[in-house]
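The values are calculated or read from the model by the stated rules, or taken from the named source; none is laboratory data. Bear in mind that the values here come from a model prediction, so they are computed numbers and not experimental data. Note that we place each Cβ from the backbone using ideal geometry, even for glycine, and neighbour counts take in every protein chain shown. All accessible areas refer to the heavy atoms of the entire protein, side chains included, with ligands and DNA or RNA removed. Shrake-Rupley method; radii C 1.70, N 1.55, O 1.52, S 1.80 Å.
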Amino acid sequence: MISQCLLYVIWGRVDNVSSFWGRQVTVMRRPGSGKIYLLLVVIAILGCTLFLNASLNYLNYARNLKVLTNSRFSVIAQDLINSVEYGLNLGLDLREISTIQNLLAETRQQHNDISELFVIDEKDGLLFHSRADVKLMDAGLAAIIKEVDMNKRNTLVFSNMHYLIYPLTNQFNVRVGSLFLGYSSSLTEGMLAQAVEWFALYFIVAFAVCSLVIILVLGSIYSGFLGSLKKVRELLDMHARGAMPMDEAGAQTIFGADFSEFCSGSLRLAALLEEAERSMEKIENEN
Amino acid sequence: MKTDNKTPVVSLTFKINLLTIALIGLSGLLLSLSYLPIFDETTKPLIDKKAYAIAESLGLSFRKAIENEIPLDRLQNTALVFDQVLKENKELKSIMFANPEGSLLYRDSGVNIDKGLTGFIKEKAGQSSRTYVLTSADVFHGLEMPVNYHGIYYGKLFIETDREYYRQVFQDILFDILTVILISFIVALEMLKLTINLLVTRPIELVAHALDEMKKGHYWQRLKSSGLGEFVSIDRQLNAIADSMTSRYRAAAARYENLSTRFAGARGLGDAARSLRAIEAEYLFEPPADVRQYRPGRIPNYRAPFFIFMFSHMLCLSFVPIMSEKMYRPIMGLSKSFLNGVPISAFMLFWALAMPLTGIWLRRLGRRKFIFLGCLISALSLLLTAFVSRYEYFVVLRSLSGVGFGMVFLCVQDIFLRGSQQEERSIASSYFWAAFFSGTVCGTGIGGILADRAGFSGVFIASALAACFSWVLFLFLAEEDKGSGEPKDMKHYDSALGTIIKNIRFSSVVLFLSIPGKIVLTGFLYYLVPLTLHGFGASQSFIGRVLMIFSLAIIFIGPFFARHFSKYFSRAFLSVSGSVLAGSSIIIGFLVHTVYGVVIGVTLLGIARSMYLPVVDALALEAFRDEELKKIGTASVLSIYGLFEKAGNVLGPVIVGLLLSFADTRSALLLIGTGTAACGLLYGVLHLIEGKKAAVS
């Protein structure tokens, strides 16, 4: 029922065509103008294609932006990792490396676009934070990081923050904790919003221009085709009134020689019927 | 369409196709190229910012040395550190440090110092500054970072960004954009084919068919409304003529019946009887008992939903191994790499197993129901995969996906090939494979991009929705077809199995064309090519693009070959020459063992495969006589054929793996190439012998 209504909106009148799993399936036909439908559908295809094009390009753009931004922060994080792992390689426990606190605070201060930096231990407990007053990790974040594989570099998005996560390993290559570098989504959001505006603008301009070309060019091509259909209709009208279209005229239609042969066949049938009818009328009159 | 004069219709569809495709292609290209400046504006500053971050980090090390009162000209391993930084950051070309006098104290091992650069460094190092400066000169493009400590200037770091790297990034972006254009182009093409079929070609074919039938005297023929507006009035006019003639004939026949009873032997009754007999001899007013409704546009009607169905499965294909790796946990001591491959193998295995089962049940349930079941299983399994986190469930759901995929795959292949006349089978098969590879290219391309934004679960949900959409399209466009005349009992399948396997022509097609073809596909294309290109230092995205060339050849060249070449050459000739070309294209990889050699090889392989892939399917069916095929059923033949093909899929990597264990890549290429060509030639010889035997008998 729903599918019928849906197709009625798109297509129009209902015609039963086949059955599916015991039920009648319907396909709709609308006796409207084929030209308008064709133009609308082609424009819709064009719109979908250009939209797909714009969306995929935007997604590619967003991915590139993310990769490049993360790669810049990776350099800063790598510096911190080197410093921390230097201490770990000396045999110090992660908790004992007191300089980490200052290192995080200094780095945070040097790079305004970093929102926070923190180090957790192997049991995900917060050890150091770029803000000395933070002693506990956000409960929501703590819950989410349990699902993240901490043994390798990873990324995480949580409440408008992008986190780059790096494992900290000791001299035996055993993970003893992780470094988190967080930056606000607003850092890339501005650029993304601007890109959306541009992408949308280009899409609208391209769509409008192409739609116009389709309406003008395809419209005129289809009008030419409609002319040949009109000719077929006129010939059929003529034929229905009992006239035989000239062979040449019939052959010139889009249906070619078949059309003329159909006409001559049906005229012969009409003649035979007329002959039979005349003979029978004569009998009726005589008797 | 049976009319002699197709020109206006062909010309109309050609013009619509050409205009729309040209517009979509051109607008897509312009639209995409207009995005390039946006990419450009973002990429350059971000690379510069990264260079700044690196300069900051290195500057910090120098400041630490100053803080610890270590003279800057006595630092140990600085060049090695520079080399390491360059190795980790491909966007940088060189790193140098000069003292305020302009003497170059440290530089990476790769930098080429010439007069111009020395002069430049001498000049710039002498100028102290408080902060970094971005410089773009002929000899140097990058960042000058002063090393200051407590207001004293100690020297300058020169970090040169690699313009070549930037060009490469830009080139990658350009390729991404081209891929996007290609994907949207293929999607548009598929939608356009369906639209033109529904709105133009199909209505014309229906009217042409009705005219053809009526000219033969079949006045029982009535046109169901065949399209929109203009066609409807033609349909009505034709129906009105047929109605009028039928009612006149019936009235005349009834009148004659009445007169012959009332006035038996009357003069003139014989004339009327003669006229009516002449009408009955030439014209039919009642449909024959075994009449089947004429339904044109079968292939375009199935092609679009099948394309969407393929698309739905391929959306998630690229990251199945990554998901598998994420869900990995030790199971029965099996290795991680083995377990990572299991979900893909499970999909393939169940795809293969679903095919004979589909072959057995297809004719009992009907193709539409089977397609519905296949889509339903696919959609459900894809949807559930989005929410699964355990490895075991993941494998089970991938297997279920394989079952759904196998069911729809076989049904659609059967519909394409069964419904076509023998001479059109290779064309139908080329359309089937074109839809298959179109879905693959678009699905894998979009899936990879989408996963980055929507996550793996999001893409699986999108896949499930696409599978549902394909079902809706199948529902409205596909017709019920239980395969009239085909036996539906289960026992029949056992005997059919024996008949199929014992058929020498069928076996030779499978052994010498189909299985080697699949071995080439999975062994060479999907295994050896990525391995070889990786060995040459090609990036993952480049390898992906090279593999895409193969699919594009099948999509665009396949139907062209099938339509034009099959007129002039026999299928056996095309398959043998295709096999030999496929073998030669692999050997090119051996002869020209460079990236370009492999790319040319893959391109030629795509052309070769487009040449013989559709032909081989048709040859497998051609091995049976028409009446034999009707008795066995095309679905049975295709299911067995598909099963053997999948064996080739499995064998491919195994054979290449074995070859690589005792030979190098080049030798493996030579052996596979020679083997493929030899198999093709062997088939040719067998075909000739069989042909001679048939001629003698």
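Listed values, structure above:
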read-out: Accessible surface, 1.4 Å probe, highest first, among residues B:433, B:471, B:220; value: B:471, B:220, B:433
read-out: Residue B:689-residue B:625 FRET efficiency (beta carbon distance; Förster radius 22 Å; 0.05 resolution); value: 0.75
read-out: Dipole of region B:297-696, positive direction: furthest Cα of B:589, B:431, B:607, with charges on the beta-carbon; value: B:431
read-out: Net charge of neighbours whose Cβ lies under 12 Å from the Cβ of residue A:107, counting Lys and Arg as +1 and Asp and Glu as -1; value: -4
read-out: Gyration tensor (alpha-carbon) shape descriptor, region B:297-696, a/c threshold 1.5; value: oblate
read-out: Kirkwood Rh and Cα Rg combined as Rg over Rh, evaluated for the protein assembly as shown; value: 1.09
read-out: Length-normalised contact order of region B:297-696 in % [C-alpha pairs under 8 Å, at least 6 apart]; value: 25 percent
read-out: Per-residue [θ]222 nm for the protein assembly as shown (sum of -39500 (n - 2.57) over DSSP H runs n ≥ 4, rounded to 500); value: -24000 deg cm²/dmol
read-out: Interface area, B with A, accessible, probe 1.4 Å, both sides summed, Å² nearest 100; value: 9600 Å²
read-out: Per-residue mean of C-beta atoms belonging to partner chains within 10 Å, peptide A:75-87; value: 3
read-out: Percent of Cα pairs exceeding the 15 Å cut-off, where the set is region B:298-338; value: 60 percent
read-out: Residue-averaged beta-carbon neighbours from other chains (10 angstrom radius) around A:230-237; value: 3
read-out: Cα gyration tensor of region B:30-161 - equivalent ellipsoid semi-axes, whole Å, descending; value: 28, 16, 15
read-out: Approximate spin-label separation residue A:223-residue A:86, in nm, with each point projected 7 Å along Cα-to-Cβ; value: 7.9 nm
read-out: Relative intensity, log₁₀ I(q)/I(0), of region A:73-194 from a Debye sum that treats every alpha carbon as a point, q = 0.10, 0.13, 0.15, 0.16 Å⁻¹; value: -0.29, -0.48, -0.64, -0.73
read-out: Mean separation of Cα contacts under 8 Å, 6 or more apart, over the residue count of region B:112-268: relative contact order %; value: 10 percent
read-out: Nearest-ten-degree value, helix B:634-662 long axis tilted from longest Cα axis of chain B; value: 20 degrees
read-out: Other protein chain Cβ atoms within 10 Å, averaged over every residue that makes up A:192-199; value: 2
read-out: Dipole axis of the protein assembly as shown (+1 Lys, Arg; -1 Asp, Glu on Cβ), positive-most option in B:118, A:111, A:194; value: A:194
read-out: Mean Cβ neighbour count within 10 Å, used as a protection proxy, ranking B:41-49, A:260-268 highest first; value: A:260-268, B:41-49
read-out: Between 0 and 90°, nearest 10: helix B:367-385 axis offset from chain B longest Cα axis; value: 20 degrees
read-out: Per residue value of the accessible surface for the protein assembly as shown (all protein chains in place, 1.4 Å probe), Å²; value: 45 Å²
read-out: DSSP-defined beta bridges in chain B - what % are antiparallel, rounded to 5; value: 95 percent
read-out: Average Cα contact separation per residue, chain B, under 8 Å, 6 or more apart, as relative contact order %; value: 12 percent
read-out: Between helix B:336-365 and chain B: long-axis angle, C-alpha atoms, 0 to 90°, nearest 10; value: 10 degrees
read-out: Chain B - Rg and Dmax from Cα coordinates, angstrom; value: 34.2, 139
read-out: Efficiency of FRET from Cβ geometry, residue B:260 and residue B:29, R₀ 60 Å, rounded to 0.05; value: 0.20
read-out: Farthest positive-ward along the protein assembly as shown dipole, Cα basis, beta-carbon charges - from B:77, B:379, B:129; value: B:379
read-out: Greater than 29 Å apart at Cα, pairs in B:193/B:630; B:369/B:646; A:135/B:326; A:231/A:282; value: B:193/B:630; A:135/B:326; A:231/A:282
read-out: Segments A:108-120, A:149-161, B:641-653 sorted - mean Cβ within 10 Å per residue, highest first; value: B:641-653, A:108-120, A:149-161
